[in-house]
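Shown next, in structure tokens, is the structure this report addresses.
The values are calculated or read from the model by the stated rules, or taken from the named source; none is laboratory data. Keep in mind that what you see is a predicted model, and the values were worked out from it rather than measured. When we count neighbours, we look across all protein chains shown, and the Cβ atoms used for this are built from the backbone with ideal geometry, even at glycine.
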Amino acid sequence: MNYIDECEEILKAHRKLYFALQTLNKRKSKIIEKGIPAELSGIDYSRPAIQKFDYSEDVMKDIYELMDINAQINETKEDMQLVEDILQDIDKENKELCKFLRSKYITDHKKNLNEIAKILGYSQESTKTINNIKKKALKEFAIRYFGARAIHFM
């Protein structure tokens, strides 16, 4: 496994998860607007089946879809929080590495390395320095995300 490439994909996906969360919340709202309760407190989610079916098939379909959307929202939030926690930890130790990761992969993702050099306060001709920052930042992220395994394969 190439941990550096994998980290780049994780960071690119992190940006997209913001939009996914918005879409999931819109889908949830759409179902709730149909009249399904927002929190289905009367249903025990741990049970595989509901014993008494007093609801129509369409209502049950909506209930199951709402349960699935809630699970997707929670999973998305957990994944997003993991990346945010790692970025905050990196920021505590090296603000420049964190600023690079956020600029390159999350906030200013369409900018090239020359533009990111300018954001970080370097001249646009310092591509070697920016490439070194990129390598250091991705290695730091990889170690924090994948642990010891990443150290041995870098």
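Cβ-Cβ below 8 Å, separation at least six or inter-chain, first residue in the stretch 53-77 and farther than 18 Å from Q22 by Cβ, second modelled with pLDDT under 95 and hydroxyl-bearing (S, T, Y): which pairs? Here the result reads I63/Y55; M67/Y45, each pair linking the stretch 53-77 to a residue that is modelled with pLDDT under 95 and hydroxyl-bearing (S, T, Y). Of all residue pairs spaced 6 or more apart or on separate chains, those with beta-carbon atoms under 6 Å, a first member in the stretch 139-150 that is under 19 Å from M80 (Cβ atoms) and a second member that is of a type in the set (F, W, Y) and in a helix (DSSP H, G or I) are A142/Y3; F146/Y3. Within the stretch 105-133, the residues that satisfy the criterion of being modelled with pLDDT under 85 and over 26 Å from L17 (Cα atoms) are Q124, E125, S126, T127.
Given the criterion closer than 13 Å to F141 by Cα, among the hydrophobic types (A, V, I, L, M, F, W, C), in contact with a Cys (Cβ under 8 Å, 6 or more places away or on another chain) and crowded, with 16+ Cβ neighbours inside 10 Å, identify the matching residue among L97, L101, L87. Let's see the steps before the verdict.
Values: L97 fails: in contact with a Cys (Cβ under 8 Å, 6 or more places away or on another chain); L101 fails: in contact with a Cys (Cβ under 8 Å, 6 or more places away or on another chain).
Every option except L87 fails the conditions.
The one condition from (1) at pLDDT 80 or above; (2) exposed (fewer than 12 other Cβ atoms within 10 Å of the Cβ); (3) among the acidic types (D, E) that D44 does not meet is (1).
Residues that are surrounded by 17 or more Cβ atoms within 10 Å (Cβ to Cβ) and among the basic types (K, R) within the stretch 132-143 comprise K134, K139, listed in sequence order.
Within the stretch 114-131, the set of residues being closer than 21 Å to I10 by Cβ and surrounded by fewer than 17 Cβ atoms within 10 Å (Cβ to Cβ) comprises N131 only.
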